[in-house]
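Following: one structure in structure tokens, then a few remarks.
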Amino acid sequence: MAKIELDHVTYTYPGQPGAAPVLRDLSLTIGDGEFVCIVGASGCGKTTLLRLMAGLTFPTAGAVRIGGETVTGPGTDRSIVFQNYTLFPWMTARRNVEFGIRQARPGRSRAEIRGSADAVLRQVGMLDSEDKYPFQLSGGMRQRVAIARALAMDTDIVLLDEPFGALDTRIRGELQILLETVHMGRKTVVFVTHDIHEAVLLADRVLYMTSGMVSYELPIRLPRPRSRLDAAGLEQVCACRRELLARFQPDSNATRGCGEVSA
């Protein structure tokens, strides 16, 4: 069953007549409970695609549908994590997370909201910093709070725009495992990354974008949970990665060796 549909979507920045479209007649279907990673060079339209799914931007032509309904704005069925954290500076880490829960789940009691916030802050390793404001946190810590807020909202769809870019290798690996666990709870996940190895490790399907179009897609047929892949499984990850790299000119992050990101 389709969860997200893009039907012949074109997007051109407003106020730029004659400019080349950011997205060009793009049609795409993402299944309910599917984990899709989107890769491609900077400027190919990845973030714009995510914003269209979130209802923060609207197509110049075509339509975006969630569950068969045309997207007319943000919804409580979707949460999104951007590269630049988007935390409220006047709220502590805990309050930022609790705010997201209240918006998505207004019927929850104060105790339920606090319990959910505790759980996700603990999962991302930020419970000890719950009373700190964003200016008191490093970039990586702010990003972990933003991820916690998105997960605590418990939405059907989770949209992530390079969420792990500011994180060190250990934290990144832990959050990859957490995100896989979230997905295995039947969430639909759309994840933008520059790291092809990460994409192959996490996704059911990898989409490669060039010039506003999906020019190639690669199904990833690996068992889950992938955090426990054996040597043969890791070789399959590397084989999928090589298949992508053989078809496209990678960016510098995509050329790293298979052993640099542990399963």
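In this simple spin-label model, placing a label point 7 Å from the Cα along the Cα-to-Cβ direction at both Trp90 and Leu127 gives a separation of 3.0 nm. Once the 1.4 Å probe is applied to the protein heavy atoms, the chain comes out at 46 Å² accessible per residue. Surface calculation, 1.4 Å probe, protein heavy atoms: Thr70 sits at approximately 80 Å² accessible. Estimated from helices alone, the mean residue ellipticity of the chain at 222 nm is -10500 deg cm²/dmol (sum of -39500 (n - 2.57) over DSSP H runs with n ≥ 4, per residue). Accessible surface ranking for Arg105, Arg241, 1.4 angstrom probe, highest first: Arg105, Arg241. Secondary structure note: in the chain, about 55% of the DSSP beta bridges are antiparallel. Here the accessible area of the chain is 50 percent carbon and sulfur, with a 1.4 angstrom probe and all protein chains present.
Give me the percent relative contact order of segment 54-161, please, defined on Cα pairs under 8 angstrom at least 6 residues apart. It comes to 39 percent, rounded to a whole number.
For Cys240, Cys37, the ranking by accessible surface with the largest value first comes to Cys240, Cys37, using a 1.4 Å probe. Between the residues Leu245, Cys44, Gly173, the greatest Cα displacement towards the positive end of the dipole of the chain, with unit charges on the Cβ of Lys, Arg, Asp and Glu, is found for Gly173.
A convex hull fitted around the alpha carbon atoms of segment 1-124 yields 150 Å³ per residue. Under a 5 Å amide H cut-off, with hydrogens placed 1.01 Å from N, Ile80 pairs with Leu159 among residues at least 5 apart or on other chains. Computed from backbone phi with θ = phi - 60° and the Karplus coefficients 6.51, -1.76 and 1.60, the 3J(HN,Hα) list for segment 81-86 is 10, 9, 5, 9, 6, 6 Hz; x is used for glycine and proline. Around the Cα centre of segment 41-177, unit charges on the Cβ atoms of Lys, Arg, Asp and Glu (plus for the first two, minus for the last two) sum to a dipole of about 180 debye.
The values are calculated or read from the model by the stated rules, or taken from the named source; none is laboratory data. Bear in mind the structure is a predicted one, so any value in this text is a computation, not a measurement. Counting neighbours? That spans all protein chains shown, and the Cβs are built from the backbone with ideal geometry, glycine included. Accessible surface is based on the protein model in full, side chains and every heavy atom, while ligands, DNA and RNA are left aside. Shrake-Rupley method; radii C 1.70, N 1.55, O 1.52, S 1.80 Å.
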